[in-house]
Amino acid sequence: MADDEKGNASTEDDDKPKKREQRDQGQQSKLKKIKYYIEPDKVDIGIQAGDSLEKVKVTYVEPDDEESSHGFFWGKKRSETSLPRRSWETDDYIDFDDLLPMIGQFGRFQIRLFLFMIPFCFITAFVYLGQIFMCLTPTKYYCYVPELLHTPVELRKDLSIPKEKDGSYSRCRMYNTNYTKIHFAENPRAYINTSLPTIPCKKGYVFEHEGRAFESATMEFGWLCDDDKYATYAQIIFFLGSILGGLGYGHFADHCGRVAAVVSSCFLALLGSLATSMSTDFFSFAISRFLVGASYDTCFTMVYILVLEYVGPKYRTLVANLSLALFYSPFTMVMPWIALSAGNWRRFSSFASLPIVLAMFSFCLLPESARWLVSVGEIDKAMEILKNVIEVNKKHVSKEILDLFEASCTQFYKEELDGRDFTVLSIFKRKRMARYMILMIFIWMSISLVYDGHVRAASVLDSENIFLFFTIACATELPGNILVILTLDRAGRRWCSFFYTSLSGVFSLLGASFQNRANMRMSALAGRFFSNICYNIGLQWAAEILPTVVRAQGVAFIHTMGFVAMLMSPPVVYLSKKSLSSTLIVLGALGIFGGLLALFLPETLNHELPETLSDGAQFGKNQRIWHMPCCGPGSRKSHPRHNWHQGSSLRTLSKDEFRSSKMHRKTKYRFESHPSPSSSDYKGTEEKEIRTYKYGNGSKWPEDKS
């Protein structure tokens, strides 16, 4: 009997390999139907088949071999950072971010788009900074008296210009006397009389320049002294155009496409620039600047979004800042010298039209956003563009994968987007989301005002060498962009925003305490440097907090409120006419205020982005105010450095990337009932790493090495 039992046991042992082979063949044929699957790695896995699915979370991470078209590593994420799987998603669902590594995340196609940003960065620098130079107010001028042109300059001033208490000649007053009589007098010095009554300048102004001169609209139209408010009004009207243009083009881009928004905004910018150069009074100048303001942000933002939509998550933070560092920053540094070489504001405005004309032909080269085409149901057009991307990047993707992606896009549009509408008001219907929204509005308004205030304050901090000082101030953009790349994905958005914004405020207040102008300039430059960094962080943070269904409209509204805050930057800089310290005190207080508010927003580093309103209402619920990603759970010690993708296609540093996509990565819970080691090592901790493997073409199971 014992021999029989041994024989039966031996027979069963012989049958095990056959049964295992039959089982594997059956599973393989089943898996071929869904085209891809994942298998837990038996070596590293620390759970059992019967464990709760909440203990394991599988999301995409970059493959070590980027040339592979179908094999991708996946990594385990803690459940507290996960998003639930949608009820309608099937096992064979694949979205844009699943396909992107196959077609190339940063190949020739993306590099071509990246280089195409050059003229648009030039346009942005021309328009934004050009507004400052066009309304530049000189520091040395006095009343124009044509009857005294034949006299030497010093004698002319003594005869016509009274002196202030500090001994300098008045810039806005002149003596009320008969200058024709002085003109024909044999000894004009006999008519010098400092007790004469004074009146405002009647016939214009005389400007004194050291070196090459630049004539601004302020100088030509006489927006000085009692009329100096017109230069401030022109700046405000420019930002009014930015507010309306941002909202209008945001809606236009979501309904008509990115390329259409780029071309139409370039046309409007060209029209406004040409009209500016032909302005004859304040009214015509203000209208033309309103048109330019309505278009300047869209010209850059839409192309910026296009590039980021085609770039893989691993490269987005780098590309987002590299475009600003390589293109925008150098253009801002040379812009003062272009204005100086132009000589006057009319020629300078005409020069701004040249890159706009070049950019208007972008519709011939720019592809439409495949993500946007999917979001509006144009699946066929999106597939044509993606096939072109595959061809340009010299990749190979099987027809089965493309068919699966097309079917998934159709399903996504039908289930999530077709016939549905969400508004900004939806955000305020949930308490937690409403609190986040209000905080983001105030933070972005303070950051925008601090940044723009520092940019404009350059014209008063060193009025004698404005072009040189402006170049030095703009040079702080480059190291600021690099510092963002190095720190943002390590320390997190919340603490970086608090630290850099507060430092900007501290250095501004420190500058206000100095009496020495040189020390004041150095402190203001430091404040400008840190304001550059916090502005870049703010561009990304709002897009990561708001859920997908309201991200476009929500961030558009936040940025619009930022333009509202920028309306106050000209009056804030105007305070410097009475006291330069007053301007720095306002900017410093706003910086510290915005930095403190940042601590009350949730951290988004290593967290999946919310997709629905319910996700947004739960986002950051369990976070503590002192939580730091680099020190606590979820730090780089817990997650591999190259595990960049956190479950969303919008993990970027994008300016206005709120219109970038309605297609985002969907978190998937996958579990195979294969034998695994004991889960005793796993229980009681959520820091255990799990490695799995995904096959994109129905490959067979890896050989069982055990």
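Summary of values
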quantity	calculated
Flag for Thr137 being in contact with a Pro (Cβ under 8 Å, 6 or more places away or on another chain), of a type in the set (Ser, Thr, Tyr) and touching a residue at least 24 places away in the same chain (Cβ under 8 Å)	no
Contacts under 6 angstrom Cβ, first residue in the range 226-238 being more than 11 Å from Phe283 (Cα to Cα), partner of a type in the set (Gly, Ala, Ser), 6 or more apart	Phe238/Gly293
Residue selected from the range 97-109 under the condition at negative phi and crowded, with 21+ Cβ neighbours inside 10 Å, by the criterion modelled with the highest pLDDT	Phe109
Tally of residues being more than 27 Å from Trp337 (Cβ to Cβ) and β-branched (Val, Ile, Thr) across the range 213-236	1
Qualifying residue in the range 504-527 (condition: within 16 Å of the chain's Cα centre (by Cα), part of a helix (DSSP H, G or I) and in the same structural domain as His627 (by TED's automatic domain parsing))	no
Residue pairs meeting the criteria (Cβ under 7 Å; at least 6 apart or on separate chains; first in contact (Cβ under 8 Å) with a residue 60 or more places away in the chain, in the range 251-264; second aromatic (Phe, Trp, Tyr) and surrounded by fewer than 21 Cβ atoms within 10 Å (Cβ to Cβ))	Val259/Phe363; Val263/Phe363
Selection status of Phe470, of a type in the set (A, V, I, L, M, F, W, C), touching a helix residue (DSSP H, G or I) at 6+ places or on another chain (Cβ under 6 Å) and not in a helix (DSSP H, G or I)	no
Residue within the range 389-404 that is of a type in the set (S, T, N, Q), part of a helix (DSSP H, G or I) and under 27 Å from the mean Cα position of the chain (by Cα) present	no
Qualifying residue in the range 366-373 (condition: assigned to a loop (DSSP other than H, G, I, E, B) and either in contact with a strand residue (DSSP E or B) (Cβ under 8 Å, 6 or more places away or on another chain) or among the β-branched types (Val, Ile, Thr) (or both))	no
Residue in the range 485-494 that is buried (at least 21 other Cβ atoms within 10 Å of the Cβ), at pLDDT 85 or above and in the same structural domain as Gln618 (by TED's automatic domain parsing) present	yes
So Ser242, is it assigned to a helix (DSSP H, G or I), touching a Gly at 6+ places or on another chain (Cβ under 7 Å) and outside the structural domain of Ser170 (by TED's automatic domain parsing)	yes
Filter result for Ala382 (at pLDDT 85 or above, in contact with a Phe, Trp or Tyr (Cβ under 8 Å, 6 or more places away or on another chain), more than 22 Å from Ser265 (Cα to Cα) and buried (at least 17 other Cβ atoms within 10 Å of the Cβ))	no
Selection count, the range 202-224, where residues are within 17 Å of Val153 (Cα to Cα) and hydrophobic (A, V, I, L, M, F, W, C)	2
Selection status of Ala458, more than 14 Å from Thr583 (Cβ to Cβ), assigned to a helix (DSSP H, G or I) and of a type in the set (Gly, Ala, Ser)	no
Some residue of the range 554-572 being within 16 Å of Gly595 (Cα to Cα), aliphatic (A, V, I, L, M), part of a helix (DSSP H, G or I) and modelled with pLDDT of 80 or more	no
Residue count for the range 241-264, restricted to those that are surrounded by fewer than 23 Cβ atoms within 10 Å (Cβ to Cβ) and touching a Leu at 6+ places or on another chain (Cβ under 7 Å)	1
Qualifying residue in the range 298-315 (condition: assigned to a helix (DSSP H, G or I), polar (S, T, N, Q) and under 18 Å from the mean Cα position of the chain (by Cα))	yes
Tally of residues being more than 30 Å from Ala125 (Cβ to Cβ) and either small (Gly, Ala, Ser) or touching a Cys at 6+ places or on another chain (Cβ under 8 Å) (or both) across the range 346-397	5
Some residue of the range 291-301 being of a type in the set (Gly, Ala, Ser) and in contact with a Ser or Thr (Cβ under 6 Å, 6 or more places away or on another chain)	yes
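The values are calculated or read from the model by the stated rules, or taken from the named source; none is laboratory data. If you're wondering where the values come from, they're calculated on a predicted model, not measured in any experiment. With ideal geometry, Cβ positions are generated from the backbone for all residues, glycine too; neighbour counts draw on all protein chains shown.
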